[in-house]
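So the structure is just underneath, and the comments pick up after that.
The values are calculated or read from the model by the stated rules, or taken from the named source; none is laboratory data. Values in this document were obtained by computation on a predicted structure and should not be read as measured data. Cβ: placed from backbone, ideal geometry, glycine included. Neighbour counts: every protein chain shown. The area values use the complete protein model at the heavy-atom level, side chains included, leaving out ligands, DNA and RNA. Shrake-Rupley method; radii C 1.70, N 1.55, O 1.52, S 1.80 Å.
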Amino acid sequence: MATQINPPQPVLPVSIDDVRTAHDRIRASIVRTPTLISRTLSEMTGATVYLKFENLQFTAAYKERGALNTLLQLSEAARNKGVIAASAGNHAQGLAYHANRLGVPATIVMPTTTPTVKVVQTEGHGATVVLEGETFDAAYAHARVLEAERGYTFVHPFDDPRVIAGQGTVAIEMLEDVPAIDTFVTPIGGGGLISGMATVARAAGRTIEVIGVEAELYPSMYNRIRGTDMPCAGDTLAEGIAVKEPGGITSAMVRELVDDIVLVSERSLEKAVSLLLQIEKTVVEGAGAAGLAALIEHPERFRGKTVGVVLCGGNIDTRLLANVLLRDLARSGRLARLRIRLQDQPGALFNVARIFDQERINIIEVYHQRVFTTLPAKGLVTDIECEARDRAHLDRLVLALQAAGYETAQVELA
């Protein structure tokens, strides 16, 4: 009988020793964020859910880890010349903050469309911001030009072994805090975080499943690994992982180390952001909520497992956060807009308001429409925004209005 020879395992650019060394290198200068169980989310999803609060880093994102690990390995000459990056998000702020703290000049190239608040925040960390082009690709190309012209060191947001090793330190801490974790659920943008975490998982001496999460609108790594050709475009709440082209290094590592990739809808992302604020009292951005969104949308995939979820960032625009919360209230029935057909005569609105009072439902806004309607001239439509305790409470109001003879419909969200 012939002896079976196992094929040689590929040599990957990042090893567990690289991640452990990175952790020793950076641990004194980053926040040792907690990994805590969420009993409520565990009950909701059927998994035992542990959350890693990387949104508590100084710049509110895990990106500091990879940036700092890279900065600390630069030669004296490279540090004196300075570093450069192309980013409009968390990588920009993480690199700028630690470069300034270490006395390394930092230049960040951002698209001209970058919100002013992000420009100001990055400049506030001591970086020089250059606005160039309307897209990330244009900003990236310009950063590479400046790198060559001025001798800067380019710090890639994900496709660099030093960055990947730094991001992998998240998993080192999670397993130190909760050795029972058997599944990592990790957002994927360019792939740096999941590549580093998967490196740690494979060296754990036991089976730890690694599941990546992408927004449905940007399935770039999913396409790369599975050979599909789904479009990558659209306005996603998870703009931090809205990457059209994943890295070459990270793609190879994901192909070798990651067990599966799941996609999540915008509605699940919104729900996850809202739940984390309501239940855990913590603010996360869309990308930071992607792991929980996966548990919400694919509960059967994770039921019964002990899951480690990384809340990888908390930088979300406050107006956008307000919209997400209000939309979630509307979907849950606690906030609603009812469209009611009335006769245009004295007392009509008063009589409707009496029913709201009887059902103890609060009226927030009233909108009358007499002109732009297909109703007869003596008819009108009124939209009433109201607040109920829950969906059942709202349903009782609608039944009461209909029983009183009012044609009533709820204006639904998309």
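Among the residues of region 253-292, just one is open to solvent by less than 10 Å² (accessible area, probe 1.4 Å), closer than 10 Å to residue 213 by Cβ and outside any helix (DSSP H, G or I), namely 264. The number of residues in region 295-316 being within 15 Å of residue 48 (Cβ to Cβ), crowded, with 19+ Cβ neighbours inside 10 Å and either under 13 Å from the mean Cα position of the chain (by Cα) or not β-branched (Val, Ile, Thr) (or both) comes to 5.
Condition check for residue 337 on (1) under 30 Å from residue 90 (Cα atoms); (2) not in a helix (DSSP H, G or I): one failure, at (1).
The residue that is surrounded by the most Cβ atoms within 10 Å (Cβ to Cβ), counting only those in region 42-60 that are small (Gly, Ala, Ser) and touching a helix residue (DSSP H, G or I) at 6+ places or on another chain (Cβ under 8 Å), is 60. Looking across 109, 120, 129, one residue alone is open to solvent by 10 Å² or more (accessible area, probe 1.4 Å) and in a strand (DSSP E or B). It is 129.
Residues of region 145-157 being touching a residue at least 24 places away in the same chain (Cβ under 8 Å) and open to solvent by 70 Å² or more (accessible area, probe 1.4 Å), which ones? Scanning region 145-157 gives a single hit, 150.
Within region 317-363, the only residue that satisfies the criterion of being at pLDDT below 90, surrounded by fewer than 13 Cβ atoms within 10 Å (Cβ to Cβ) and at positive phi is 347. Could you tell me which residue of region 194-205 is most open to solvent (accessible area, probe 1.4 Å), considering only residues that are more than 20 Å from the chain's Cα centre (by Cα) and touching a residue at least 24 places away in the same chain (Cβ under 8 Å)? Out of the qualifying residues, it is 202. Mind checking whether some residue in region 2-10 is in a loop (DSSP other than H, G, I, E, B) and either closer than 30 Å to residue 135 by Cα or within 24 Å of the chain's Cα centre (by Cα) (or both)? Checked against the condition, which is being in a loop (DSSP other than H, G, I, E, B) and either closer than 30 Å to residue 135 by Cα or within 24 Å of the chain's Cα centre (by Cα) (or both), region 2-10 yields no hits at all. Looking at the structure I just gave you, is residue 96 part of a helix (DSSP H, G or I), surrounded by fewer than 18 Cβ atoms within 10 Å (Cβ to Cβ) and of a type outside the set (D, E, K, R)? No. Restricting region 22-38 to residues that are touching a residue at least 60 places away in the same chain (Cβ under 8 Å) and open to solvent by 90 Å² or more (accessible area, probe 1.4 Å) leaves a set whose member that is nearest to the chain's Cα centre (by Cα) is 32. Within region 227-252, the set of residues being of a type in the set (Asp, Glu) and assigned to a loop (DSSP other than H, G, I, E, B) comprises 229, 235, 245. Selection of region 158-193 for residues being within 18 Å of residue 53 (Cβ to Cβ), in contact with a Pro (Cβ under 9 Å, 6 or more places away or on another chain) and buried (at least 24 other Cβ atoms within 10 Å of the Cβ) yields only 193. Here region 134-144 is the region considered, the condition is being among the small types (Gly, Ala, Ser) and open to solvent by 20 Å² or more (accessible area, probe 1.4 Å), and the residue that is nearest to the chain's Cα centre (by Cα) is 138.
Considering only residues that are of a type in the set (S, T, N, Q) and in contact with a Leu (Cβ under 6 Å, 6 or more places away or on another chain), look in region 33-83 and name the one that is farthest from residue 297 (Cα to Cα). Top of the filtered list is 33. Filtered by the rule that a residue be in contact (Cβ under 8 Å) with a residue 12 or more places away in the chain, farther than 20 Å from residue 144 by Cβ and either open to solvent by less than 20 Å² (accessible area, probe 1.4 Å) or more than 28 Å from the chain's Cα centre (by Cα) (or both), region 61-78 gives 61, 64, 65, 68, 69, 73.
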